[in-house]
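The values are calculated or read from the model by the stated rules, or taken from the named source; none is laboratory data. Everything numeric here is computed off the predicted structure, so don't read it as measured data. Here the Cβ positions follow ideal geometry from the backbone for every residue, glycine too, while neighbour counts run over all protein chains shown.
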Amino acid sequence: MGRIGYGAAFSLQQQLVEQRKRGEIADQLLLVEHPHVVTMGRNGHTENLLASEELMSRAGIEFHHTNRGGDVTYHGPGQIVGYPIMDLREWKRDVVEYVRSLEEVIIGAIAEFGIVGGRMEGCTGVWVDGRKIAAIGVHISRWVTSHGFALNVDTDLSYFQYIVPCGLTKPVTSVRREGSNASREQVVSALIERFGQVYGFEMVEPVLTTENM
């Protein structure tokens, strides 16, 4: 969907979640890029914000509280943010397994570019030798999912200085930092293909854009 503000993307997710609950639409995968924004999950701790909202605003960074799980994270240009809107009653009624499956999507996608991603015990997300390359935070309502994952492709990692990412004092990395010159389009294609494989979906061309929202 290209670049879209965090608030607009959140409103769209809420709309699609309600449609999915009513059975009016099939499962969806939204792929977007956000302008600079820091979000605080429902389990967030203010001490993991290393700058005031005023300071972040002067740096061109929005701030939003949100209803996803997890702590504080950053989104911005150079990331691919994925928002699956799925009814888990038609897949597996298992939230932990759902999070693990999102990790598997990302691990498989970045492997196509020679990056060996994996999990870290006690931590959510995808890691490369102890460096976080993708964050995951989800919300489940009546088994319908929203929020999702953020994969750093060629993100300016200096913006993470404003936060303790996901409450963990561990370094972050990106596809580019790990030595791959894969384009955004290539990474998007890999994510879509791997998403379909993991969930057993036939992935079809999107009909939803920012123009017809």
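Hey, among the residues in segment 116-127 that are among the aliphatic types (A, V, I, L, M) and surrounded by fewer than 21 Cβ atoms within 10 Å (Cβ to Cβ), which one's nearest to R42 (Cα to Cα)?
For segment 116-127, the residue satisfying everything is M120.
Here's a check for you: in segment 177-192, which residue that is part of a loop (DSSP other than H, G, I, E, B) and touching a residue at least 60 places away in the same chain (Cβ under 8 Å) is surrounded by the most Cβ atoms within 10 Å (Cβ to Cβ)? Only one residue tops the list, namely A182.
For segment 92-104, the criterion of a residue being in a helix (DSSP H, G or I), of a type in the set (A, V, I, L, M) and either under 14 Å from the mean Cα position of the chain (by Cα) or buried (at least 20 other Cβ atoms within 10 Å of the Cβ) (or both) is satisfied by at least one position.
Look at segment 123-135: where a residue is of a type in the set (D, E) and a partner is outside any loop (DSSP other than H, G, I, E, B) and at pLDDT 95 or above, sitting 6+ places away or on another chain with Cβ atoms under 9 Å, you get D129/G118.
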